[in-house]
Amino acid sequence: MRVQGNHRGIDRLIPRRDPTRSTRILGILNLTPDSFSDGGRFFDPAAAIRQAEAMVDAGADALDLGAESSRPGAEPVFQDEELRRLLPVLEEVISFGVPISVDTVKAAVAEEALSRGAAIINDISAFSDPAMARVCAAANAGVILMHMRGTPRDMQTRTDYDDVVRESIAFLKEARARAISAGLREEHVLLDPGIGFAKTAEQNLEILRRLREYQSLGQPIVVGASRKSFLSRFGGESIEDRLPATLAVSILAAARGASVLRVHDVAENVRALRAAEALLPELIAEETAC
């Protein structure tokens, strides 16, 4: 049976809604007009709330709300605009019975979200805002810290690595240390290799091939490969054409130690993982192996 790293606390942060499925599903809800994956379909709060409800009904273990696009080349948005997009949806979905993660790099946005019931901050910049760690620690929140170079606007010009896996592991090790030194609980830190962020298509595949190496960090690993452009090499250019490859990656990532999969297509990923774990019981994590 596989060992998924340090599971202390993940059951509290993201409880499993389905005891037959060990890998958690974090449903992506983009509240932006310029998302790469859905082109603003859920920019309207009412549409976003309906989508959140559908993802929970489909089996999402948690939801990840993002009100600032992080697609390659994206421009940053002002704090007030990010909150204007986020808060009407957050205030509704907080009652849906699953933990809510907020995808933001701004400490002020994180503080507002946590005060309204969010449980996790998904910081793709791993504390580029010096106040972020303090804010999350004060709220006893969970954090997802991701490997990235630069910002979404320029990250794809920063893909020169000697060894992308080794260098991203070193980055994440330092990010974890900063989080703990700032007062965050070790069991509340999740780490993300950053598929698609300052990575070429081949580097994304290299990370997935060597995903087990990230277990050396001793923290739950989050993988977010859903619908990303590197998957188009496996057939088709449209977003919809990337679903079969996304499901293949989800099963591979679960088998190689990912604790959480961040996905757009919740129902399909839930069914794929449920089938894979039923057919291959070695995919079931040893929850007590810490």
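The values are calculated or read from the model by the stated rules, or taken from the named source; none is laboratory data. Please read all numbers here as calculations on a predicted model, not as lab measurements. Note that we place each Cβ from the backbone using ideal geometry, even for glycine, and neighbour counts take in every protein chain shown.
Assess whether residue 271 counts as being more than 30 Å from residue 138 (Cα to Cα) and more than 14 Å from the chain's Cα centre (by Cα). Talk me through it step by step, then tell me what you get.
Working: more than 30 Å from residue 138 (Cα to Cα): yes; more than 14 Å from the chain's Cα centre (by Cα): yes.
Yes: the conditions hold for residue 271.
Within the stretch 151-209, take every residue that is in a helix (DSSP H, G or I), among the polar types (S, T, N, Q) and modelled with pLDDT of 95 or more and give me the one that is farthest from residue 220 (Cα to Cα).
First pass over the stretch 151-209, keeping only residues in a helix (DSSP H, G or I): 155-157, 164-181, 186-188, 201-209.
Of the ones still in play, those that are also among the polar types (S, T, N, Q) are 156-157, 168, 181, 203-204.
Narrowing further to those that are modelled with pLDDT of 95 or more: 168, 181, 203-204.
Numbers: 168: 15, 181: 19, 203: 21, 204: 19 Å.
The selected residue is 203.
Among the residues of the stretch 197-216, is there at least one that is on the phi > 0 side of the Ramachandran plot and in contact (Cβ under 8 Å) with a residue 60 or more places away in the chain? It would help to see each step written out before you state the result.
Taking the stretch 197-216 as the starting set, the residues that turn out to be on the phi > 0 side of the Ramachandran plot are 198.
Subset that is in contact (Cβ under 8 Å) with a residue 60 or more places away in the chain: none.
The answer is no; no qualifying residue exists.
For the stretch 43-95, which positions are in contact with a Phe, Trp or Tyr (Cβ under 6 Å, 6 or more places away or on another chain) and not small (Gly, Ala, Ser)?
If we filter the stretch 43-95 for residues that are in contact with a Phe, Trp or Tyr (Cβ under 6 Å, 6 or more places away or on another chain), which is where we start, we get 48, 51, 56, 71.
Selection gives 51, 56, 71.
Among the residues of the stretch 48-68, write down those that are buried (at least 16 other Cβ atoms within 10 Å of the Cβ) and either more than 19 Å from the chain's Cα centre (by Cα) or closer than 17 Å to residue 113 by Cα (or both).
Within the stretch 48-68, 48, 49, 52, 62, 63, 64, 65, 66, 67, 68 qualify.
Could you go through the stretch 241-258 and let me know if any residue there is out of contact with any strand residue (DSSP E or B) (no Cβ under 9 Å at 6 or more places or on another chain) and over 28 Å from residue 17 (Cα atoms).
yes
Output the residue which, of all residues in the stretch 188-228 that are small (Gly, Ala, Ser) and more than 17 Å from the chain's Cα centre (by Cα), is nearest to residue 74 (Cα to Cα). Full working, then the answer.
Initially, the stretch 188-228 is screened for residues small (Gly, Ala, Ser), giving 194, 196, 198, 201, 216, 218, 224-226.
Right, trim to more than 17 Å from the chain's Cα centre (by Cα) and you get 201, 216, 218.
Numbers: 201: 19, 216: 32, 218: 32 Å.
Within the stretch 188-228, the match that is nearest to residue 74 (Cα to Cα) is 201.
For residue 282, indicate whether it is in contact with a helix residue (DSSP H, G or I) (Cβ under 9 Å, 6 or more places away or on another chain), modelled with pLDDT of 95 or more and not in a strand (DSSP E or B).
No, not satisfied.
Just to be sure before I move on: is residue 227 within 21 Å of residue 71 (Cα to Cα) and modelled with pLDDT under 95 in the structure I sent? Spell out the reasoning first.
On the way: within 21 Å of residue 71 (Cα to Cα): yes; modelled with pLDDT under 95: yes.
So residue 227 passes the test.
If only one of 89, 77 is surrounded by 15 or more Cβ atoms within 10 Å (Cβ to Cβ), out of contact with any Pro (no Cβ under 6 Å at 6 or more places or on another chain) and not hydroxyl-bearing (Ser, Thr, Tyr), which one is it?
77
Could you list, in sequence order, all residues of the stretch 217-243 that are out of contact with any helix residue (DSSP H, G or I) (no Cβ under 7 Å at 6 or more places or on another chain), hydroxyl-bearing (Ser, Thr, Tyr) and either touching a residue at least 60 places away in the same chain (Cβ under 8 Å) or part of a helix (DSSP H, G or I) (or both)?
Of everything in the stretch 217-243, just one residue is out of contact with any helix residue (DSSP H, G or I) (no Cβ under 7 Å at 6 or more places or on another chain), hydroxyl-bearing (Ser, Thr, Tyr) and either touching a residue at least 60 places away in the same chain (Cβ under 8 Å) or part of a helix (DSSP H, G or I) (or both), namely 229.
Counting only residues that are farther than 30 Å from residue 232 by Cβ and of a type in the set (Asp, Glu), which one in the stretch 173-212 is surrounded by the most Cβ atoms within 10 Å (Cβ to Cβ)?
Looking at the filtered set, the residue picked out is 187.
Name every residue in the stretch 1-54 that is touching a helix residue (DSSP H, G or I) at 6+ places or on another chain (Cβ under 6 Å) and at pLDDT below 75, in order of residue number.
Within the stretch 1-54, 1, 5, 8, 9 meet the criteria.
Residue by residue, here is whether (1) within 30 Å of residue 238 (Cα to Cα); (2) touching a residue at least 40 places away in the same chain (Cβ under 8 Å) holds:
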{"position": "30", "(1), (2)": "yes, no"}
{"position": "59", "(1), (2)": "yes, yes"}
{"position": "62", "(1), (2)": "yes, yes"}
{"position": "88", "(1), (2)": "no, yes"}
{"position": "91", "(1), (2)": "no, no"}
{"position": "102", "(1), (2)": "yes, no"}
{"position": "106", "(1), (2)": "no, no"}
{"position": "123", "(1), (2)": "yes, no"}
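Tally up the residues in the stretch 254-271 that are buried (at least 22 other Cβ atoms within 10 Å of the Cβ), part of a helix (DSSP H, G or I) and modelled with pLDDT of 95 or more, please.
3
Are any of the residues in the stretch 145-155 closer than 22 Å to residue 206 by Cα, out of contact with any helix residue (DSSP H, G or I) (no Cβ under 9 Å at 6 or more places or on another chain) and surrounded by fewer than 17 Cβ atoms within 10 Å (Cβ to Cβ)?
So far as the stretch 145-155 goes, yes, one or more of its residues are closer than 22 Å to residue 206 by Cα, out of contact with any helix residue (DSSP H, G or I) (no Cβ under 9 Å at 6 or more places or on another chain) and surrounded by fewer than 17 Cβ atoms within 10 Å (Cβ to Cβ).
At pLDDT 95 or above, under 23 Å from residue 197 (Cβ atoms) and of a type outside the set (Ser, Thr, Tyr): does that describe residue 120?
It is true that residue 120 is at pLDDT 95 or above, under 23 Å from residue 197 (Cβ atoms) and of a type outside the set (Ser, Thr, Tyr).
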